[in-house]
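Each remark here refers to the structure printed beneath this line.
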Amino acid sequence: MEIKEKLIEKILLFIALSSISILALIAFFIFGEGLPFIWKIGPHAFLLGERWVPSHGEFGILPMIVGSFWVTLGALLLGIPLGLACAIFLCEWTPPLAATFLRPAIQLLAAIPSVIYGFWGLVVLVPLVRTYLGGPGLSILSGSVILGFMILPTIISISEDALRALPPYYKAGGLALGATHWQTIWRVLIPAARSGIVASIILGMGRAIGETMAMIMILGNAVKMPSSFLDSARTLTTNIGIEMGYASGSHRQALFATGVILFFIIMILNSSAIVLSRRRVE
């Protein structure tokens, strides 16, 4: 039995190290291709340049960085209130029978391919935005709405887990002091689960920044500085997805350099979520 347990332990260790090795290889490849280009043209020119014209040797990604954060901000403005409200409803008011249908339905949202979200946005949402709000319809607003729905499963599931992990006496203590059910939720439960809720928001943010296919379909992909939510834009991920197929030479290196910046952004967000989750456990 002891030999069998040690064998299983070694196998699991090998699998864990394999995952880390794959991540290290991906990072090594991306950084090896992208960092030399960033130092070649200068971090300032690359990060703060506003013109992306590879045929003329201009590789400024500031419009894509701004576009990525605009779309992500819009998605969070929609996803956070809806996600937190759904998590609270599932924890506090959902009847057991309804919960058996609601939870799988919410989890199903995460299983829908992003191209389906993009197709729905292109056919339904974009014409509505164009007709009633103006602009081309292929805009940051359309992308934000789609991303807002796409990050809902992440925010709902993690926030619900954070709320359910609270000791029962938190709620009992609030009610015993004379607070209403809603006052107990708002003043006691949500602050106590704050770190888990924030972690869910950060992970949802990382999901939104990393989305590619749906954004290619409905953002308009204009390489310019956006001035409103009705403007077309291009994100870091869509820039890589659109141009990598035909890029070569310096153009290809610039796309890898874009991946380096995106890698740093995602790593910072995920690391923040891990730190906040550990703080909740402690």
(message) It is to be established whether one or more residues within segment 230-237 are within 23 Å of Tyr117 (Cα to Cα), of a type in the set (Asp, Glu), in contact with a Pro (Cβ under 8 Å, 6 or more places away or on another chain) and assigned by TED's automatic domain parsing to the domain that holds Met267.
(response) no
(request) Please state which one of Val123, Val145 is under 23 Å from the mean Cα position of the chain (by Cα) and either more than 27 Å from Val198 (Cα to Cα) or not aromatic (Phe, Trp, Tyr) (or both). (result) Val145
(request) Residue by residue through segment 54-99, note down the ones that are under 20 Å from the mean Cα position of the chain (by Cα) and among the small types (Gly, Ala, Ser). (result) Gly67, Ser68, Gly74, Ala75, Gly79, Gly83, Ala85, Ala87
(request) Quick one: which helices (runs of 4 or more DSSP H) lie wholly within segment 6-114 and hold at least 2 residues that are at positive phi and assigned by TED's automatic domain parsing to the domain that holds Phe229? (result) none
(request) Report, by residue number, each residue of segment 110-133 that is among the small types (Gly, Ala, Ser) and within 12 Å of Leu147 (Cα to Cα). (result) Ala110, Ser114, Gly118, Gly121
(request) Can you run down the residue pairs with Cβ atoms below 9 Å, 6 or more apart or on separate chains, where the first is in segment 240-254 and at positive phi and the partner is among the small types (Gly, Ala, Ser)? (result) none
(request) Name the single residue, out of those in segment 205-229 being of a type in the set (Val, Ile, Thr) and outside any loop (DSSP other than H, G, I, E, B), that is modelled with the lowest pLDDT. (result) Ile209
(request) Could you tell me which residue of segment 240-274 is modelled with the lowest pLDDT, considering only residues that are of a type in the set (A, V, I, L, M) and loosely packed, with under 14 Cβ neighbours inside 10 Å? (result) Ile274
(request) Considering each of Ile146, Ile202, Ile197 in turn, give the residue that is farther than 30 Å from Arg51 by Cα and touching a residue at least 40 places away in the same chain (Cβ under 8 Å). (result) Ile197
(message) If the requirement is being surrounded by 10 or more Cβ atoms within 10 Å (Cβ to Cβ), touching a Pro at 6+ places or on another chain (Cβ under 7 Å) and not β-branched (Val, Ile, Thr), which of these qualifies: Glu50, Glu9, Glu33?
(response) Glu50
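The values are calculated or read from the model by the stated rules, or taken from the named source; none is laboratory data. Just so it is clear, the structure is predicted and the values come from calculations on it, not from any experiment. Note: ideal-geometry Cβ built from the backbone for every residue, glycine included; neighbour counts use all protein chains shown.
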